[in-house]
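The values are calculated or read from the model by the stated rules, or taken from the named source; none is laboratory data. These numbers were taken from a predicted model, which means no experiment stands behind them. A quick note on method: Cβ atoms are made from the backbone with ideal geometry, for glycine too, and the neighbour counts reach across all protein chains shown. The area values use the complete protein model at the heavy-atom level, side chains included, leaving out ligands, DNA and RNA. Shrake-Rupley method; radii C 1.70, N 1.55, O 1.52, S 1.80 Å.
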Amino acid sequence: METIRIADGRWPEAEILHLHQERIARTCRGLYGGAEVPDLTAIRRAHPVPEDLREGVAKCRVVYGVAGGEAVEYSRYTPPRIGSLLAVEVESFDYGYKYADRRELTVWHEQALAKGYGDALLIRDGLVTDTTFCNVAFRVAGGSCELWHTPASPLLRGTMREWLIKRGTIVPREIRLENLRGGHYSHIALFNAMNDFGTLLLPIDRICY
């Protein structure tokens, strides 16, 4: 599955769209061998943004598989409201590809909601990864400039994460759970293809362990 942000009827700029296309190609190589790679440029021409979604932010969801025949869906997008996070340990969970099946991630998300938190921050083998729907970055405390570290081994290498790394906005680092408790970081940012960096920002003390 690929999720693409549509702003006022426009698809993303070429550099970001290229990152989406690259991930689709990697997925097809890794999971389907010689299967034909869906072409986002062709999909955009064949499935234009509906008239009623050409103002504001919409989500384009492209689902594909080994047999081809992509399913393309547009829907209105409402940004989430996240006020706190629950750190959750996960074991042997692999989400290296963006699957349409998100059942395990949904379980952890609902576990956090049931305890009064906005989402779960997932910890694997002692290392911070992602939330259930966003990549994350942490602002280094102190200093005279903004320095953000993002987990070097996320569950999913999101397209926004790749773009921010290329621009030098965030820097990959191994981040352990104890780093979050030790005062090394002041804030956590949540971001993905639908949510720009800086729009979901929490003080580090909004993470519950």
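Quick one: in region 78-135, which of the residues that are open to solvent by 60 Å² or more (accessible area, probe 1.4 Å) and not in a loop (DSSP other than H, G, I, E, B) is nearest to LEU202 (Cα to Cα)?
The residue in question is LEU113.
Please list, ordered by first then second residue, the pairs with beta carbon atoms under 6 Å, 6 or more apart or interchain, first in region 13-35 and within 17 Å of MET194 (Cβ to Cβ), second crowded, with 17+ Cβ neighbours inside 10 Å and among the hydroxyl-bearing types (Ser, Thr, Tyr).
LEU19/THR159; HIS20/THR159
Provide a single number: the residues in region 26-61 that are of a type in the set (A, V, I, L, M), part of a helix (DSSP H, G or I) and open to solvent by 50 Å² or more (accessible area, probe 1.4 Å).
2
Of the conditions (1) open to solvent by less than 40 Å² (accessible area, probe 1.4 Å); (2) more than 10 Å from the chain's Cα centre (by Cα); (3) over 16 Å from VAL88 (Cα atoms); (4) not small (Gly, Ala, Ser), THR159 clears all except one; give me its number.
Result: THR159 fails condition (2) only.
I'm told GLN111 meets every condition in (1) among the polar types (S, T, N, Q); (2) out of contact with any strand residue (DSSP E or B) (no Cβ under 9 Å at 6 or more places or on another chain); (3) closer than 30 Å to ILE175 by Cα except one. Can you identify the failing condition by its number?
That leaves (2) as the condition not met.
Looking at region 161-182, I want the residues that are in contact (Cβ under 8 Å) with a residue 12 or more places away in the chain and have a partner that is surrounded by fewer than 16 Cβ atoms within 10 Å (Cβ to Cβ) and aromatic (Phe, Trp, Tyr) with Cβ atoms under 9 Å, at least 6 apart or on another chain. Which pairs are those?
Going by the 9 Å Cβ cut-off, the qualifying pairs are LEU177/TYR209; LEU180/TYR209; ARG181/TYR209.
What pairs come out if I take residues in region 143-156 that are β-branched (Val, Ile, Thr) and pair them with residues that are open to solvent by 80 Å² or more (accessible area, probe 1.4 Å) whose C-beta lies under 9 Å away, six or more apart or interchain?
THR150/ARG173
So, in region 145-188, of the ones that are in contact with a strand residue (DSSP E or B) (Cβ under 7 Å, 6 or more places away or on another chain) and among the β-branched types (Val, Ile, Thr), which residue ends up nearest to ALA25 (Cα to Cα)?
Checked region 145-188; the qualifying residue nearest to ALA25 (Cα to Cα) is ILE165.
For region 62-77, how many residues are over 20 Å from the mean Cα position of the chain (by Cα) and crowded, with 17+ Cβ neighbours inside 10 Å? So that I can check it myself, show each step before the final result.
First, pick out the residues of region 62-77 that are over 20 Å from the mean Cα position of the chain (by Cα): 65-71.
Remaining after also requiring crowded, with 17+ Cβ neighbours inside 10 Å: 70.
Number of matching residues: 1.
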